[in-house]
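Below is one structure; the comments refer to it alone.
FYI, it's all coordinate maths here, none of it is from the lab. Please read all numbers here as calculations on a predicted model, not as lab measurements. So basically every Cβ, Gly included, is an ideal-geometry build from the backbone, and we count neighbours across all protein chains shown.
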Amino acid sequence: MEVFIVDLPEDLAQPGAGPLAGTDRRMPAPPAGVVQRRLTFTGERLHPGVDGPRHWLRCSPDGAEITFLARDDAGIVQLWTVSPNGGAPRQVTRNPWPVASTFTWSPDGRFLAYVMDGSVFVTDARNGEGRRLTARLPENAAPRPEACVFSPDGRRIAYVRRVAGSDGVFNQVFVVELE
């Protein structure tokens, strides 16, 4: 899998090569002027393609970078970015453990939050420096692989982990403060 982007025209109501709504015998066709571009070309890498626990892409708040998960040369899932205008992907993290969840940008575009090694981590997107925000927990109590989500002011991160109760094990939302 690679990263692609679709450029959309101003007017999405103009039919392209076929009817926008499709027919009983034909799938809907994209509007006129839609252009799909491939942003990554990783076939020559030791571990090619987008890879990891989630293949969801996230755009930085300013729209300058598209973030995705891919394996480094050691086979460890890391955070990478690529410009929507094209160019070489940039490896953001160089962690000893694989990123184990999807990820989220902070509102100011400075940090990325994710789960790794049984903890919530945050990484500075500019220099790749990461730090553990929660204690490492065993797999049955560790943060879940769903996204860690920043508060609107960027000072807190919400995440989900399992908690045992008298009626069983349940997913619960927790919040950690950025220092």
When the chain is modelled as a GNM with alpha-carbon springs shorter than 10 Å, which of GLN14, GLN91, GLN36 fluctuates the most? GLN14
Positive end of the dipole of the stretch 40-177, charges at C-beta (+1 Lys, Arg; -1 Asp, Glu), about the Cα centre: which of PRO138, PHE68, THR93 has its Cα farthest in that direction? PRO138
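When SER60, SER151, SER166 are ordered from fewest to most other Cβ atoms inside 10 Å of their Cβ, what list results? Don't jump to the answer; show the numbers that get you there.
Details: SER60 17, SER151 14, SER166 4.
Ordered by Cβ neighbours within 10 Å, fewest first: SER166, SER151, SER60.
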Zone of VAL175 (label point 7 Å along Cα→Cβ, backbone N under 14 Å): which residues in the stretch 119-155? 149-155
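To the nearest 20 debye, what charge dipole does the chain have about its Cα centre, counting +1 at the Cβ of each Lys and Arg and -1 at the Cβ of each Asp and Glu? The partial results should precede the final answer.
Working: 20 positive and 21 negative charges, 62 e Å.
Here the size comes out at about 300 debye.
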Quick one: the Cα spread of the stretch 40-177 along its three principal axes, in angstroms, biggest first? 53, 33, 22
